[in-house]
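So the structure is just underneath, and the comments pick up after that.
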């Protein structure tokens, strides 16, 4: 893998031009580091030594540094010191001068000699290094000491170029590609005691990423070969590559879209809960694009990625491309529930019969948080927004109607807005358990943050990262699931926690049987468990899997009322736990492991047209691309407003009645104290009449007496 050599200046002062140049590449400027040749880059062994962002956190750290220069930086330089090559020799000389805060100019540089002298003409420093044929190494020959003192008026060093910074931070980016420019600046400051500009650190980071993962243009060229490798070494992997026919030229094809899903994910989804959450997140590399994700959840409430796609944006065509492949190859089962936000393009793609989501019975529902966000944008009422969210989360119809009636009393227009959305699309009480308790798209949105570190990488590196991360994930969770099966417990860890809690609550219930077949019961709560529902009686129908509280149908797990009903006639309540929550089913999710990709020398050769990026997708906008999602009303954590004095809700310190009363008391006490000290009022009479008039509290009286006694003692001592 080769490095694209960016020849860029390091002494620009205009920040706006720097950021614009950084975004657009600016590959034609000159750099002050012409004397430093390109370092040879060792090829990365994808199957044995992948970048850190693609590896397991438990891997041995001894293989993290795939390229070690072993430069004698701390030892300085001295005559007779030898180096493996000219690059190491030059870097050691640069490190030495940066440490000494001195500078030099190059007098001669060729494949066999390197001669420098001090930049200060009055200094006698000279150094000569050359290649020695006998040892096949570079050796420092003659060298004088510096007799000058640095007069630089800057925190940076001329020889601390972005090439040097690149070599210094390469190991850091190899372990974590999401390291920010600010972290790199801090690292350089700590290592070299210099503060480099943001522009220089940004370009050093870019170059380091390119040296590890390849640059963006070369990554598009390498993509077809990697797709061939996945098809060959990872049988069952689904790949759909689309090019843009309108922009094709001879022997070149322009990238448009890519869908991929791995066989272990496809097989494992059959044993997951029948829900799929989809969402999109943008890429912030050199070329624009959008990463589409589809995730599910296993019986232990663990997130399970199932499919990926890189497209041009959130358009109907892009979502149709993704949903069609998802339905055809990954989720062809019946009764799948698709959860997403109310994006028009997703809804349009789902409703398109050509995408296959209506051939077998499926359903789609909306994220409640996005419903509440859209409501807030229309009505700007935080209290009503809470009630809308409570309507969605309500597990039974009476609770739903209660919050609906409160909205009706507060605002009829808001009620009309809510009623305009079909209830089965966003409320838990009307969806017949299709959501399995998932009211939001948090599962897939959390994956946006998980893949944040790789969203700025070239396209082939993104596809590779998904492979390595999922392979490590399957191995880890497979071991955990096998241990749970061997432990003898019937259900997953999170399910057992829920069931234990429900069993404890069921012990206080009173059960009345209503039929001889032992199907219907009336369960009365004797203790209020503070769960939002009033203490009362609930109907339980075991044959139809129904309980009035709504938990039994919504979560597919028996609630405390069902457990109490089963206990009343010695029936095992575990028979009503859905099979998806068993340890055997969770183990089956990760039973098929990922195959290992062969060494690069075994890869098949790609002989098709060259894949190139779409030039229209190149990021030309001024400034850095955003790397975090913009916060909206959906992200606000609402807190009740309380006074800083009395801690009561509804007002602030400025409007607090108590603080006004306290100030009045202090004013009366100061007046009375002044009158007593100046002889205008008898001390005892003044004290009694003052407190009788203003009726101060005991605390204020104590404060007044303390001040009065201190003042009286001071006057008595003075007299």
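Values in this text are rule-based calculations from the coordinates and carry no lab data. This one's a predicted model, so the numbers in the text were calculated from it and none came from an experiment. Heads up, the Cβs are rebuilt from the backbone with ideal geometry, glycines too, and the neighbour counts pull from every protein chain shown.
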Q.
Taking every alpha carbon pair in region 243-304, what does the distance histogram look like in 5 angstrom bins from 0, in percent?
A. 4, 13, 18, 16, 15, 12, 10, 7, 4, 2, 0
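Taking the beta-carbon count within 10 Å as an exposure proxy, list 347, 464, 497 from fewest neighbours to most.
Details: 347 16, 464 26, 497 12.
By the 10 Å Cβ count, ascending: 497, 347, 464.
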Q) So what is log10(I(q)/I(0)) for region 291-412 at q = 0.16 1/Å, when the Debye sum runs over its Cα atoms only? A) -0.91
Q.
When only alpha-carbon atoms are used, what values of Rg and Dmax, in angstrom, describe region 420-511?
A. 19.9, 63
Q. Quick one: 198, 403, fewest Cβ neighbours within 10 Å first, how do they rank?
A. 198, 403
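Within a 10 angstrom radius of the beta carbon, how do 172, 283 rank from fewest other beta carbons to most?
Numbers: 172 16, 283 22.
The order, fewest Cβ neighbours first, is 172, 283.
Note down, for region 193-303, the three equivalent ellipsoid semi-axes (square root of 5 times each alpha carbon gyration tensor eigenvalue), biggest first, whole angstrom.
Values: eigenvalues 203, 109, 42 Å².
Semi-axis lengths for region 193-303 are 32, 23, 14 Å.
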**Q.** Hull volume in cubic angstrom per residue (convex hull over the Cα atoms of region 207-257)
**A.** 104 Å³
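Output needed for region 95-232: three equivalent-ellipsoid semi-axes, defined as square roots of 5 times the C-alpha gyration tensor eigenvalues, in descending order, whole Å.
The three semi-axes for region 95-232 are 36, 23, 11 Å.
Can you tell me the length gained on complete extension of the stretch residue 516 to residue 263, counting 0.36 nm per residue apart and subtracting the Cα distance? Write down the numbers at each step before the final one.
On the way: separation 253, 0.36 × 253 = 91.08 nm, distance 4.97 nm.
Length gained between residue 516 and residue 263: 86.1 nm.
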Q) Hey, any idea what the orientation-averaged projected area of the convex hull of region 493-581's Cα atoms comes to, in nm²? A) 5.5 nm²
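So if the hydrodynamic radius of region 300-349 is defined as the Kirkwood radius over C-alpha pairs, what does Stokes-Einstein give as its diffusion coefficient at 37 °C and 0.692 mPa s, in µm² per second?
Details: Rh = 12.2 Å.
Rounded, D is 270 µm²/s.
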Q) Spin-label point model (7 Å from Cα, Cβ direction): what's the residue 574 to residue 475 distance in nm? A) 3.3 nm
